[in-house]
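Note sheet for the following structure.
The values are calculated or read from the model by the stated rules, or taken from the named source; none is laboratory data. All values reported here derive from a predicted model rather than from experimental measurement. Cβ atoms come from the backbone with ideal geometry, glycine included; neighbour counts cover every protein chain shown.
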């Protein structure tokens, strides 16, 4: 059983301890100590990092036997630890304090929803960039803002946050925000006159240390609602990122910050109009280009034609500087006329091929494409009238030559 120093003093940054076990698992070195200030991953809060003497701690694991193992990066042969060694531990304070701000902010925010609206927090996750709480039901934006305001009121009043311990019998008489998940002696986090919760995590000593609680976004989640929030240093970093994005946007659009939504709506409307115009122009261009390609078509025999069908066709086999949609539009426009087989390849590599045929021509574009892919790879499919494939391991010219030989 490891003595968890962070239980009593989450502000403890350095400590000395004795190694009680060293073992390797899956190529990683696990070091258990008789006492530690390192927090293991638990209760939605990530582990601490830091050092044990000269070795870097990269993970902290809460073992089933009540001990805590520190996963360390391998050092030099002389720095390997063994049972009985005395080590000096130092945690990464910036990471720890960030976790303390986020976790304490979560307690206060969850209590605000509970007190104002009777809505409980189902789960909590402290992430590397943002943290989340899952509420039992959906809240309106106005209600979310009200809970956010109430939480920040408690933060700015700088109330004490104390740690106390209670057995199950005593805890049953206390106004805990939620029922404890386990029995035995419970560690309670008490936000003065606002929240009392059983929790093993690390927390700030006064609510003012949280700085600010900002709800960043929300979405429906499993019948309830998931809220992303930022506290303290993360909220400041988030504000800076938002400030920089807004500043860059107002410079680009020459508007005031409050005018950004309207400016974006106007740009979107203009883009939709321009897209319709471009689409119309592309259709007109495709018709003209299709006429040009059809006029230059080759008259070729059909080796695979049935005895009672046309024995010749007009073949358009060209490389065209267009994407898949452009090639398909061209092929469709040409084969709207009778008597055509069309094979169009992209100018870019890997090659993209579209094959089509007129309704009166007994050639399967799908079968031709299957033969092409068997020869040159790629992926695609289609119907007897129209088929396409991309990612071919050759040039479009080589594919078009192959198709000519197989007609």
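Output the residue which, of all residues in the stretch 238-259 that are over 21 Å from residue 215 (Cα atoms) and under 26 Å from the mean Cα position of the chain (by Cα), is surrounded by the most Cβ atoms within 10 Å (Cβ to Cβ). Step through it out loud before you land on a result.
At the first step, the residues of the stretch 238-259 found to be over 21 Å from residue 215 (Cα atoms) are 247-256, 259.
Retained after the next criterion (residues that are under 26 Å from the mean Cα position of the chain (by Cα)): 247-249.
On the way: 247: 11, 248: 10, 249: 14.
Applying the filter and picking the extreme gives 249.
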Between residues in the stretch 127-139 that are in a strand (DSSP E or B) and residues that are loosely packed, with under 13 Cβ neighbours inside 10 Å, which pairs lie under 9 Å by C-beta distance while being six or more apart or on different chains? 134/222
So residue 100 ticks every box in (1) surrounded by fewer than 15 Cβ atoms within 10 Å (Cβ to Cβ); (2) out of contact with any strand residue (DSSP E or B) (no Cβ under 7 Å at 6 or more places or on another chain) but one. Which box is left unticked? (1)
When you scan the stretch 44-79, how many residues do you find that are closer than 14 Å to residue 19 by Cβ, in contact (Cβ under 8 Å) with a residue 40 or more places away in the chain and assigned to a loop (DSSP other than H, G, I, E, B)? 1
Given the criterion modelled with pLDDT under 95 and on the phi < 0 side of the Ramachandran plot, identify the matching residue among 168, 205, 142, 216. 168
Filter result (over 18 Å from the mean Cα position of the chain (by Cα) and closer than 14 Å to residue 130 by Cβ) within the stretch 219-233: 231, 232, 233
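Being surrounded by 14 or more Cβ atoms within 10 Å (Cβ to Cβ) and within 45 Å of the chain's Cα centre (by Cα): is that true of residue 407 here?
Details: surrounded by 14 or more Cβ atoms within 10 Å (Cβ to Cβ): yes; within 45 Å of the chain's Cα centre (by Cα): no.
So residue 407 does not fit the description; no.
Quick one: would you say residue 188 is within 26 Å of residue 157 (Cβ to Cβ), in a strand (DSSP E or B), without any contact (Cβ under 8 Å) to a residue 60 or more places away in the chain and in contact with a helix residue (DSSP H, G or I) (Cβ under 9 Å, 6 or more places away or on another chain)? Steps first, answer last, please.
On the way: within 26 Å of residue 157 (Cβ to Cβ): yes; in a strand (DSSP E or B): yes; without any contact (Cβ under 8 Å) to a residue 60 or more places away in the chain: yes; in contact with a helix residue (DSSP H, G or I) (Cβ under 9 Å, 6 or more places away or on another chain): yes.
Judged against the criteria, residue 188 is a match.
Wholly within the stretch 312-407, which helices (runs of 4 or more DSSP H) include no fewer than the required count, namely at least 1 residues that are over 20 Å from residue 287 (Cβ atoms) and touching a helix residue (DSSP H, G or I) at 6+ places or on another chain (Cβ under 9 Å)?
Answer list for the stretch 312-407: 365-376, 396-406.
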Residue hits (the stretch 210-233; in contact with a strand residue (DSSP E or B) (Cβ under 8 Å, 6 or more places away or on another chain) and in a helix (DSSP H, G or I)) are 210
From the residues in the stretch 108-124 that are crowded, with 20+ Cβ neighbours inside 10 Å and in contact with a strand residue (DSSP E or B) (Cβ under 8 Å, 6 or more places away or on another chain), which one is nearest to residue 206 (Cα to Cα)? 108
Among the residues that make up the stretch 160-182, is at least one of them surrounded by 12 or more Cβ atoms within 10 Å (Cβ to Cβ), in the same structural domain as residue 233 (by TED's automatic domain parsing) and within 30 Å of residue 241 (Cα to Cα)? no
